[in-house]
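This report refers to the structure that appears directly beneath it.
The values are calculated or read from the model by the stated rules, or taken from the named source; none is laboratory data. Keep in mind that what you see is a predicted model, and the values were worked out from it rather than measured. Using ideal geometry, Cβ is built from the backbone for each residue, glycine included, and neighbour counts are taken over all protein chains shown.
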Amino acid sequence: MSADHKTTQLDVPLSETARTVTVVTWKAASVLLAVTVLYALLLVAVPHSGDTRFLLSHRGDFFQIPVIVVPAGPLAWVCGAVMLAVTAFVAVLTARRTRTPLWLVVLFALAALTGFLAWAGAGSPRDLSVVGLLGGAVLWSVPFVYGALGGVIGERAGVVNIAIEAQLLGAAFTAAIVSSITNSAVAGLAAAVFAGALVSLVLGLFAITYHVNQVIVGVVLNVLVVGLTSFLYSQVLVPGAENLNSTTRFSSIPIPVLSDIPVLGPVLFNQPLLIYLMFIAVPAVWYALNRTRWGLRLRAVGEHPKAADTVGINVVRTRYNAVLVAGAVAGLGGAFYTTVYLSQFGENMTGGAGYIALAAVIFGKWDPVRAAFAGLLFGFASNLQNVLSVVGSPVPSQFMLMVPYVVTLLAVAGLVGRSRPPAASGEPYIKG
Amino acid sequence: MSAPESNTGSSSGPEQEPGLDPGTAEELEQERAREAGPVVDPVDTESRLAKALQQTMSSSWTVSVGAVLLAVVAGSIMIAFTNDGVKAASSYFFARPGDTLVALGQAIGGAYSALFRGSVVNLQATDFVTAIRPLTETLTYATPLIAAGLGVALAFRAGLFNIGGQGQMLVAAASAGWVAFGVSGVPFPLHLLMALVAGIAAGALWAGLAGLLKARTGAHEVIVTIMLNYVAFYLIAYLLATPGLLQAPGSSNPKTPPTPESAQLPSLLGDRFNLTWGFVLALLAVVGVWWLLNRSSAGFAFRAVGENPRAARVAGIDTGRATVSSMLVAGGLVGLAGASQVLGGVTTGFSSDIDAGIGFDAITVALLGGSNPWGVLAAGILFGAFKAGGTTMQAAEGVPSDIVLVVQSLIVLFIAAPPLIRAIFRLPDPNRRRAAKKTKATRNRKEAAA
C-alpha cells in the first residue's frame, strides 16, 4: 500500500548527487479524512445511547472473560478521535513528504471498526459476539481466499483466470455428488480439486493452445458451468436428492491447547480441516511462487514469455502446469460450499464469489498473501450481515451491508492506487 | 485490455499503421475482416464487392456453422442422457435398439423443435399472429441484451472491462422507475421521455463514477465496477423496502407499483405482441454506437486508448478523459437496457432482481459480437432467441432452460477458437501462409487484462 508515493530518481549530473524528487499525493490523507467525516456525520445524525456488550468468550472456554460492557457513545467518539488523530498525522507526514506507514492505516481501520460496532450495538440487549464476528469472517473468506490464490497463480503465469467462479461452482457441484455417494468429506474434497483442475484444463486448452482471448474463455466458462450444473441439478440431483445430494460435511476439529486461547482460539483453532488447509495454503503458495524454481519459472513466463522461452523454459507446459494448480486450489474453495457450509448443492450457489475473488486478486496486487487478506476482508463483509441481524441495526440494514464495499472502493481509490498486473498477463504466447 | 475479439480477428493490430487517422479506420476494419476470412493476397487489388462476396463465402462462416453444430450436438447429448424415455428404452437396448433410437429422436427433436417454436415461428399456429409471435418475443428478449451488450462492447473497445452491468441496470431501473411513479400529471410522450432520460443518466453516472475513479486514482475498473454492483444492489434493496420511496404504497413487499401508462414504451406491433418501441431504441443505439466508434473523433480516441494507452497519450489523446467519457456512454447504454426493462419489459412493478442477470449476459453478448455494434446486434438477437425458446422448451418438453446457457456458451467458445473447429471438421487452414505475419502482429498487442 505504498503506490501513492512515487520516488523518482532523476538522471542528473553527478554534481547534484542524490537529488530525488518525491511525488507525494494527498490521496491517502483525503480518503482518511473523508471516512472520518462520514463517521462523525453518522454519529451526529443518528445518535445512539446505551451500552454495547462485547462478548469475548463462550461458555465452556478455558478462560472466562466477562462480557465487556462499554457506554457506546463515549467509545464511539473516542474511536472517532483516534481516527482524526491518525488522519492528522498522515497529513503531517504527507506535508513532510514521508510515506504513510501501513500500521497507521491498520490502526485507523481498527478504530473505525470498533467505533462502528459500538455504535451499531448500542442499547441492544444482546451480546455482540466478537468470536462470532471474526470466526464467521474466517469461515466466509474460504472461497474468496482459495479463489484469489487460484487467480494469483494463474495470472502470475500470464493466464488471466476469470473462470474462478466456474472453478468454484464446478467444484462445489462435484464435491456434493462425490461426498454424497461415498459418505466421505475427504473424497468430496478430492473430487472438488479434480473438478477445479478440469475447468482449468478447458481454460488452458482454449487460452494457451488455441490462443483465444483469455477474458472471453473465462467469462464463457463461467456461464457454461452455471448452465451445466443447473441443468444437471434439476435433471439428476433433484430426483435423486437422497443419494446424490446430501453430503457428509467436515466437522470442526479443535486443536488441543491452542483452541483454548481466548478469542483467537475459537476463531482460528476450532475450525474444519478445509480452513486449516487454507492457513497452510497461503504461505505455501507465497513460498512456491517466490522461493522455488517452479515459481521463478512461472513468474518468468508471466512477465516475459519470450525471454523465458529463450533460456529454455517451456512456456506452454509451464502455463498449463500453473493453470492446473490454480484450478485445483480454487477447487478447494468450491468444496467449502458443499462440504463445510451446507450439506447440499443449490443452483448457482456460489453467486458471484468468483468475481469477488477476482477483485481480491487485484486488490492484493497479484501477491498471494495480500490477496488472501483482501479475501478475508470480503469474508468479513459477507459475515457482517449475520452479526448485525443478531444485534439489530440502528440505520437501515442495507446501508450497513453496503459499508464494506464502499470501504473497499475508497481503499482501492485512495490507498492502493494503480495496480500493475504481471506484464504478460492475458497474452497468448505464440512461439516463433 | 484490447478489444476482445476472436484471435484471428484481432491479430492485425492498428499498431502496424503508424499515424492513422479516422479515414483509415474503415480500411483497417477490412484488413481485420480479411485476416479472419480466407487468404486474400494483399497485393491482389480486387474490387470491394468481390472481396465482400468472398468474405461471405469464406471459411469463417463454415467455422461458425461448425461451432453451432458442435454446440447443438453437445446439448443433444445432455438431453439424451437425462431423458426418462431414453433411459427406459436403453435398458433393453440390445433387445430392441430401435426403441432407443426412437426415444432419442423424440427427446432431442422435441426439445429443439420447441426451441425453434418458441423463438422463430410457431408452425402449429392456426393464425398468422400466433405464428409469428415467437419472433417478436425473441426481439423483446433481445432488446435489453442489445443495449447492455453495446455498453459492455464500447467499454471493451476503450480497453475497459465493464463487469458493472448489474449495478448500472439497477440504478437505471430505479431512477426510471422513480420518475415513472413519482412524477404524475405529465402527459404520455413527455413522461416517457423523462423516465428514459432519468434511467440513461443514472446508468451513465454510475458507470462514469467507475471511469472517474479509474482515471483519477488508477483504481482497477474490475474491482470498482464489482463493488458498485453491490452498492447499487443494497441501495435498491433499501429504496424498495422503504415506504414513500420506491415501495408500492400500502404494501410491505419490496416491490414497486406498476409503471403508469403515460411512462410506458408503446407497443410496436399492436397490443397482441409484447414487443415495444424499446427495440427501435436499441436499434438506434446500435447505429449510434457504430457512428461513435467509427466516424467520430471521440470514438477514435476510445479505440486508440483501448488498443494502446501509452501510444494514445503520446499522440496527444487525453486518456483519462477518454476513460471517463467511454464509461459514461457505456453506462448510458446499459442504463437504456435498465430503463427499457422498467418501461417496457416488466411494467407490473419490479423488485431488486429487475436486472435479470442481463448485466452479465451482456458480457457474453459483447464477446460473441466481437465488440462491434452490428455483431452485438446479431449476438443479442441470437441470445434473445435462446431465451425465448428456452422458456417454451422448458414448458413444453420439461427440459430445463439452463441447457440454453450451455449451448450459448459453447457457441461463443467454439467460434473463438477456429483452429479447434477446423481440426474437428478437418477444414483447411486459410491462415497458414500468413502465420509469420500474424505472430509479428500479436507480439505487439498489450493487454492490461485483469
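What to note about this one:
- Across region B:397-428, the number of residues qualifying as closer than 22 Å to A:E347 by Cα and away from chain A (no Cβ under 11 Å) comes to 1.
- Qualifying residue in region B:86-107 (condition: touching a residue at least 40 places away in the same chain (Cβ under 8 Å) and of a type in the set (V, I, T)): no
- Residues in region A:329-348 that are away from every other protein chain (no Cβ under 14 Å), surrounded by fewer than 24 Cβ atoms within 10 Å (Cβ to Cβ) and not aromatic (F, W, Y): A:L342, A:S343, A:Q344.
- Hey, A:S184 hydroxyl-bearing (S, T, Y) and buried (at least 24 other Cβ atoms within 10 Å of the Cβ) or not: no
- Within region A:192-224, if we keep just the residues that are crowded, with 24+ Cβ neighbours inside 10 Å and closer than 23 Å to A:T248 by Cα, the residue that is nearest to the other protein chains (Cβ to nearest Cβ) turns out to be A:A195.
- Scanning region B:156-177 finds one or more residues that are over 24 Å from B:P260 (Cα atoms) and away from every other protein chain (no Cβ under 14 Å).
- Filtering region B:248-305 to residues that are charged (D, E, K, R) and under 30 Å from B:R321 (Cα atoms) leaves B:R295, B:R303.
- Qualifying residue in region A:308-315 (condition: touching a Pro at 6+ places or on another chain (Cβ under 6 Å), within 14 Å of another protein chain (Cβ to nearest Cβ) and modelled with pLDDT of 90 or more): yes
- Output for region A:364-388, where each listed residue is closer than 22 Å to A:Y337 by Cβ, modelled with pLDDT under 85 and of a type in the set (A, V, I, L, M): A:A381, A:L384, A:V387
- No other residue among A:A91, A:A122, A:A95 is within 22 Å of A:P47 (Cβ to Cβ) and of a type in the set (A, V, I, L, M) apart from A:A122.
- Test: residue in region A:415-430 that is facing chain B (nearest Cβ under 10 Å), small (G, A, S) and surrounded by fewer than 18 Cβ atoms within 10 Å (Cβ to Cβ): yes
- Sole residue being hydrophobic (A, V, I, L, M, F, W, C) and surrounded by fewer than 24 Cβ atoms within 10 Å (Cβ to Cβ), chosen from A:L149, A:L113: A:L113
- Restricting A:V391, A:V395, A:V407 to those that are of a type in the set (A, V, I, L, M), crowded, with 19+ Cβ neighbours inside 10 Å and either modelled with pLDDT under 80 or touching a Cys at 6+ places or on another chain (Cβ under 8 Å) (or both) reduces the list to A:V391.
- Within region A:349-371, considering residues that are hydrophobic (A, V, I, L, M, F, W, C) and surrounded by fewer than 24 Cβ atoms within 10 Å (Cβ to Cβ), the one nearest to the other protein chains (Cβ to nearest Cβ): A:W366
- Among the residues of region B:242-283, those identified as in a helix (DSSP H, G or I) and modelled with pLDDT of 85 or more are B:G278, B:F279, B:V280, B:L281, B:A282, B:L283.
- Here the condition is being within 26 Å of B:A232 (Cα to Cα), part of a loop (DSSP other than H, G, I, E, B) and within 14 Å of chain A (Cβ to nearest Cβ); of B:D353, B:D361, it holds for B:D353 alone.
- Residue match in region B:185-194 (condition: touching a Ser or Thr at 6+ places or on another chain (Cβ under 8 Å), of a type in the set (A, V, I, L, M, F, W, C), in a loop (DSSP other than H, G, I, E, B) and over 30 Å from A:T25 (Cα atoms)): yes
- When region B:109-162 is filtered for residues that are among the aliphatic types (A, V, I, L, M), under 20 Å from B:A322 (Cα atoms) and part of a helix (DSSP H, G or I), the ones remaining, listed by number, are B:A148, B:L150, B:V152, B:A153, B:L154, B:A155.
- Count - residues of region B:129-182 that are farther than 16 Å from B:A379 by Cα, free of Cβ contacts under 8 Å to residues at least 40 places away in the same chain and not small (G, A, S): 2
- Taking region B:364-450 as the region of interest, the helices (runs of 4 or more DSSP H) fully inside it that hold 3 or more residues being of a type outside the set (D, E) and at pLDDT 85 or above are B:373-397, B:402-415.
- Filter result (of a type in the set (K, R) and crowded, with 16+ Cβ neighbours inside 10 Å) within region A:296-316: A:R297, A:R299
- Test result for B:P243, over 21 Å from the mean Cα position of the chain (by Cα), surrounded by fewer than 21 Cβ atoms within 10 Å (Cβ to Cβ), within 14 Å of chain A (Cβ to nearest Cβ) and touching a residue at least 40 places away in the same chain (Cβ under 8 Å): no
- Residue list for region B:305-314, filter: surrounded by fewer than 17 Cβ atoms within 10 Å (Cβ to Cβ) and touching a residue at least 40 places away in the same chain (Cβ under 8 Å): B:A311
- Top-ranked residue in region A:225-252 [being free of Cβ contacts under 8 Å to residues at least 60 places away in the same chain and part of a helix (DSSP H, G or I); ranked as farthest from the other protein chains (Cβ to nearest Cβ)]: A:E242
- Checking A:G265 against (1) under 26 Å from B:F360 (Cβ atoms); (2) more than 9 Å from every other protein chain (Cβ to nearest Cβ); (3) crowded, with 19+ Cβ neighbours inside 10 Å, the condition it does not meet: (1)
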